[in-house]
Amino acid sequence: MPWALKALQRCVQQIEFADAILCTDRAHLGAHPLPHGVRWVEIGPLTSIEAYSHFMLKSLAPHIRTEHVLIVQWDGYILDPAGWRDEFLAYDYIGAPWPHIAEPNKVGNGGFSLRSRRLLLALEDPALAPGDPEDICICVTHRAALQARGLRFAPTSLAADFSVEEGADLRAGLFGFHGAYHLPNVLPPDEVLAFVESLETKAVLVHSFGNLMRNLTRLARRDARLRPAFAAMEDLIRRAVDELRGPSSLTPKALWLCKALIRYGQHQAASQLLRQRRAALRQPFGEPALRARLQMQRMRAAVRSLFSPSRAAQDAASSSASSRR
């Protein structure tokens, strides 16, 4: 909730909206103060992604007083208000293009998206069954049916100016973004640290955590101010891996995490998880392919370290540059 409120605040500080609302239940809102200009719409608790999708598809329209609504979640917000184009309002749906989905269904991500009230009302039709996730339901499952009713989806080129999610970097002039893995690029270092420290260990098993791991690893190498956040992320990973013992170490999510740890340089944690998986499998030489991949990545990392400055040297250079500035 604190991060959702910050995302809303960043939006209303940059653009004067006709209306701004936070949809949540009383327990989650608690004593958190609302940003100036934001009103609270009380709804029932959304206890799953399925429940969230159903609400967005079937229950959002009655709360919207304007002809369009900008959907903002906790992990995305407006980057540059100068990136707004009135042309966006000519469409009933616009969100960041998906790199993993082909045309004509490439647009787009719902976490930071612009939708018309006309679309919300059309989605209430019982003939359009709800599905999860809700953006795939709108932009892939029911796209043809919605277009047959005259609803318009923005072209990919315009959507790429509106927002980015996975598969694209933030750039100047971009209106907004979605994805927690972009936060280290846009937040001050102390807020990045606070964000990482706010994560629970179960966040490590979410697919997008791999992108956060990759991005923060890359940025911390360049900017010493992000090293505390990187250290906090490593601590989070260690605690999460330690919890994955027995059958929980053999789940598909645990396997994905193991591969991600190997790929993004968390080799000690990957080695521990492999040991725990081997114990759960009761096979002394279990998963030789993963062990070989880990060994190869360790060798590559050792070679890279021979041809790159040490962290101490990088920190000294960064400190020297800062003092010159």
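Taking the stretch 94-118, which residues are hydrophobic (A, V, I, L, M, F, W, C) and closer than 14 Å to Gln73 by Cβ? Please lay out each step first, then the result.
Of the stretch 94-118, the ones hydrophobic (A, V, I, L, M, F, W, C) are 94, 96, 98, 101-102, 107, 112, 114.
Passing the criteria: Ala96, Phe112, Leu114.
When the stretch 121-144 is examined, which residues are found to be part of a helix (DSSP H, G or I) and farther than 20 Å from Pro97 by Cα? Let's see the steps before the verdict.
Just the residues of the stretch 121-144 that are part of a helix (DSSP H, G or I), to begin with: 121-123, 134-141, 143-144.
The answer is Leu121, Ala122, Leu123.
Can you tell me which of Ala180, Ala154 is modelled with pLDDT under 95, under 23 Å from Trp98 (Cβ atoms) and among the hydrophobic types (A, V, I, L, M, F, W, C)? Give the derivation first.
Values: Ala154 fails: modelled with pLDDT under 95.
Being modelled with pLDDT under 95, under 23 Å from Trp98 (Cβ atoms) and among the hydrophobic types (A, V, I, L, M, F, W, C) holds for just one of Ala180, Ala154, which is Ala180.
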The stretch 1-45: number of residues that are of a type in the set (A, V, I, L, M), closer than 21 Å to Leu121 by Cα and within 23 Å of the chain's Cα centre (by Cα): 3
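Here are some residues: Arg115, Arg143, Arg149. Which one is closer than 20 Å to Ala82 by Cα and free of Cβ contacts under 8 Å to residues at least 60 places away in the same chain?
Details: Arg143 fails: closer than 20 Å to Ala82 by Cα; Arg149 fails: closer than 20 Å to Ala82 by Cα.
None of the other options fit; the residue is Arg115.
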Residue under evaluation Glu165, criteria (1) touching a Gly at 6+ places or on another chain (Cβ under 6 Å); (2) of a type outside the set (A, V, I, L, M); (3) open to solvent by less than 20 Å² (accessible area, probe 1.4 Å), criterion not met: (3)
Checklist (1) of a type outside the set (Val, Ile, Thr); (2) open to solvent by less than 50 Å² (accessible area, probe 1.4 Å); (3) touching a Gly at 6+ places or on another chain (Cβ under 9 Å) applied to Tyr91, failing item: (3)
Search result, residues across the stretch 185-236 that are surrounded by 17 or more Cβ atoms within 10 Å (Cβ to Cβ), over 21 Å from Leu170 (Cβ atoms) and among the β-branched types (Val, Ile, Thr): Val204
Some residue of the stretch 213-235 being closer than 22 Å to Arg278 by Cβ, touching a Ser or Thr at 6+ places or on another chain (Cβ under 6 Å), part of a helix (DSSP H, G or I) and among the hydrophobic types (A, V, I, L, M, F, W, C): no
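In the stretch 61-81, how many residues are in a loop (DSSP other than H, G, I, E, B) and surrounded by 21 or more Cβ atoms within 10 Å (Cβ to Cβ)?
Narrowing the stretch 61-81 to residues in a loop (DSSP other than H, G, I, E, B): 64-67, 73-77, 79-80.
If we keep only those that are surrounded by 21 or more Cβ atoms within 10 Å (Cβ to Cβ) as well, we get 75-77, 79.
Here the count works out to 4.
What about Phe88, is it of a type in the set (Phe, Trp, Tyr) and either assigned to a loop (DSSP other than H, G, I, E, B) or within 20 Å of Ser208 (Cβ to Cβ) (or both)? Talk me through it step by step, then tell me what you get.
Working: of a type in the set (Phe, Trp, Tyr): yes; either assigned to a loop (DSSP other than H, G, I, E, B) or within 20 Å of Ser208 (Cβ to Cβ) (or both): no.
It is false that Phe88 is of a type in the set (Phe, Trp, Tyr) and either assigned to a loop (DSSP other than H, G, I, E, B) or within 20 Å of Ser208 (Cβ to Cβ) (or both).
In the stretch 146-160, which residues are open to solvent by 50 Å² or more (accessible area, probe 1.4 Å) and assigned to a helix (DSSP H, G or I)? Quick ask: steps written out before the conclusion?
Start the filter on the stretch 146-160 by keeping residues that are open to solvent by 50 Å² or more (accessible area, probe 1.4 Å), which leaves 147-149, 152, 155, 157.
Hits for the stretch 146-160 are Gln147, Ala148, Ser157.
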Matching residues in the stretch 22-55 - criterion: being closer than 16 Å to Phe112 by Cβ and either free of Cβ contacts under 8 Å to residues at least 12 places away in the same chain or assigned to a strand (DSSP E or B) (or both): Leu22, Cys23
Only one of Arg143, Arg115 that is touching a strand residue (DSSP E or B) at 6+ places or on another chain (Cβ under 6 Å), at pLDDT 95 or above, open to solvent by less than 50 Å² (accessible area, probe 1.4 Å) and at negative phi: Arg115
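The values are calculated or read from the model by the stated rules, or taken from the named source; none is laboratory data. Keep in mind that this is a model prediction, so the values were computed, not measured. Neighbour counts are summed over all protein chains in view; Cβ atoms, including those assigned to glycine, are modelled from backbone coordinates with ideal geometry. Areas reflect the complete protein model, heavy atoms only, side chains present, ligands, DNA and RNA absent. Shrake-Rupley method; radii C 1.70, N 1.55, O 1.52, S 1.80 Å.
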